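Read through the structure below, which is laid out as structure tokens, and then see the notes.
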Amino acid sequence: MFDTHYVRSQIAPVQCYDMVHYGHSNQLRQAKAMGDYLIVGVHSDEEIAKHKGPPVFTQPERYKMVRAIKWVDEIVEGAPYVTTLETLEKYNCDFCVHGDDITLTVDGKDTYEEVKRMDRYRECKRTQGVSTTDLVGRMLLMTKAHHSNIDSSEYQQHTDNFGKGPKGHSPWTGVSQFLQTSQKIIQFASGKEPQTADTIIYVAGAFDLFHIGHVDFLETVYKQADRPYVIVGLHFDQEVNRYKGKNYPIMNVHERTLSVLACRYVSEVVIGAPYTVGKDLLDHFKVGHWNVKKCDLSPEQVPKKRGIFHTVDSGNGLTTDDIVQRIIENRLQYEARNQKKEAKEMAVIEAMKKREEKTQEQESLHSV
């Protein structure tokens, strides 16, 4: 989880950044556009457990995931859960940025109350169609419904149990449909063409639930050359399901595209890349290196014949299966965490509604 972003116009966002996904990346992209230098505050495991519940990823994993997002200039490890003016001054930041949802302390207070009051707070738009709650829900269900129909009764019943408190449905914790657009891809893409001196490196896979295992692999690949241009081939959902089985992938190809494009080690993505890599693909992109984590004889035959096939060891064996297992083992804790979060959000919504009604009532009396 990640939370606060600081900008040196400088900007400072602060968050948990647990289960880092393209919604988080889009928030950081928007934050960076507001200033010149983006510092991201990432909470410690202890702070997250105190205010929200147990994180899925460890703090070293979360720190590294946020550093790998291409719009981030610097991170603050163990950032305080409540963002104060003292924190902004400490890191020479003009203001902090957060999404248009709300974050609350364990006792229900707005974590940005002080900086809002002093006009040192900015907001960016929440990315519709993705949330940590939604992703955890998909893993617990492991159903293909998440690719096409989140309105199914089975999926909706689960999200009700996982993401709703007893008094209603929060617009911040709720699940909404993700709609891919060409503009969103343009915003995430680097737009840079490979130069003559660049070494073009191709890798391919599912890159599902884009996580620290993927980041470590891509960083290792990136370091293979002085001037790397890394192209990631993403397989279509049906292809991933064919070779991974169960009900993978958890994220559809559009979501996986944005997740990979946000990584600083990636220059380009091939959407719907072929499983078997032939000469047409290699020639089209002028690939000089073909890298994989482990050897698979069939797909790599042409690269091997050309002498451009390489295997790399990132030292990180984390898989999407491992992450799913973490969620399943701690299901009750995550359900309780999100229900508690939802209940606090609903209390804030109710208080805001009452204040608005009171203001309208007073305006009405003055106008008589």
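The values are calculated or read from the model by the stated rules, or taken from the named source; none is laboratory data. In this text, all values refer to a predicted model and were calculated from it rather than measured experimentally. FYI the Cβ positions are ideal-geometry reconstructions off the backbone, even for glycines, and counts take in every protein chain you see. Side chains are part of the model used for accessible areas, which takes the heavy atoms of the whole protein and leaves out ligands, DNA and RNA. Shrake-Rupley method; radii C 1.70, N 1.55, O 1.52, S 1.80 Å.
Among what's in region 177-217 and is of a type in the set (A, V, I, L, M, F, W, C) and in a helix (DSSP H, G or I), pick the residue that is surrounded by the fewest Cβ atoms within 10 Å (Cβ to Cβ). Top of the filtered list is 186.
Among the residues of region 22-39, write down those that are within 17 Å of residue 181 (Cα to Cα) and either out of contact with any helix residue (DSSP H, G or I) (no Cβ under 8 Å at 6 or more places or on another chain) or open to solvent by 20 Å² or more (accessible area, probe 1.4 Å) (or both).
23, 27, 29, 30
Residue 81 satisfies every condition listed in (1) modelled with pLDDT under 90; (2) over 30 Å from residue 181 (Cβ atoms); (3) out of contact with any His (no Cβ under 8 Å at 6 or more places or on another chain) except (3). Candidates are the residues of region 273-299 that are part of a loop (DSSP other than H, G, I, E, B), out of contact with any Pro (no Cβ under 9 Å at 6 or more places or on another chain) and not small (Gly, Ala, Ser); the one that is modelled with the lowest pLDDT is 297. For first residues located in region 49-74 and assigned to a helix (DSSP H, G or I), partners that are buried (at least 21 other Cβ atoms within 10 Å of the Cβ) and of a type in the set (D, E, K, R) and lie 6+ apart or on another chain with Cβ distances below 7 Å form the pairs 62/18. In the set 270, 266, only one residue is buried (at least 20 other Cβ atoms within 10 Å of the Cβ), at pLDDT 95 or above and not basic (Lys, Arg); that residue is 266. Restricting attention to region 300-311, and to residues there that are crowded, with 18+ Cβ neighbours inside 10 Å and in a loop (DSSP other than H, G, I, E, B), which single residue is modelled with the highest pLDDT? In this case the residue turns out to be 308.
Of the residues making up region 149-160, one or more are closer than 21 Å to residue 258 by Cα, at pLDDT below 85, open to solvent by 60 Å² or more (accessible area, probe 1.4 Å) and part of a loop (DSSP other than H, G, I, E, B). Against the numbered list (1) in a helix (DSSP H, G or I); (2) surrounded by 18 or more Cβ atoms within 10 Å (Cβ to Cβ); (3) under 22 Å from the mean Cα position of the chain (by Cα), residue 220 comes up short only at (2). All of (1) closer than 25 Å to residue 218 by Cβ; (2) open to solvent by 40 Å² or more (accessible area, probe 1.4 Å) hold for residue 57 with one exception: (2).
Criterion applied to 226, 237 was being farther than 21 Å from residue 61 by Cα, of a type outside the set (Lys, Arg) and surrounded by fewer than 18 Cβ atoms within 10 Å (Cβ to Cβ), and the one residue passing it is 226. Of all the criteria given as (1) open to solvent by less than 60 Å² (accessible area, probe 1.4 Å); (2) touching a Gly at 6+ places or on another chain (Cβ under 9 Å), the one not satisfied by residue 251 is (2).
Table: residues versus (1) hydrophobic (A, V, I, L, M, F, W, C); (2) open to solvent by 10 Å² or more (accessible area, probe 1.4 Å); (3) within 22 Å of residue 70 (Cα to Cα).
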{"position": "257", "(1), (2), (3)": "no, no, yes"}
{"position": "274", "(1), (2), (3)": "no, yes, no"}
{"position": "280", "(1), (2), (3)": "no, yes, no"}
{"position": "287", "(1), (2), (3)": "yes, yes, no"}
{"position": "291", "(1), (2), (3)": "no, no, yes"}
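For region 73-88, residues that are in contact with a helix residue (DSSP H, G or I) (Cβ under 7 Å, 6 or more places away or on another chain) and under 18 Å from residue 35 (Cβ atoms) total 4. Looking only at region 75-105, residues that are open to solvent by less than 50 Å² (accessible area, probe 1.4 Å) and part of a loop (DSSP other than H, G, I, E, B) come to 10 in all.
Give the residue that is modelled with the lowest pLDDT, with candidates limited to residues of region 225-241 that are aliphatic (A, V, I, L, M) and outside any loop (DSSP other than H, G, I, E, B). In this case the residue turns out to be 240.
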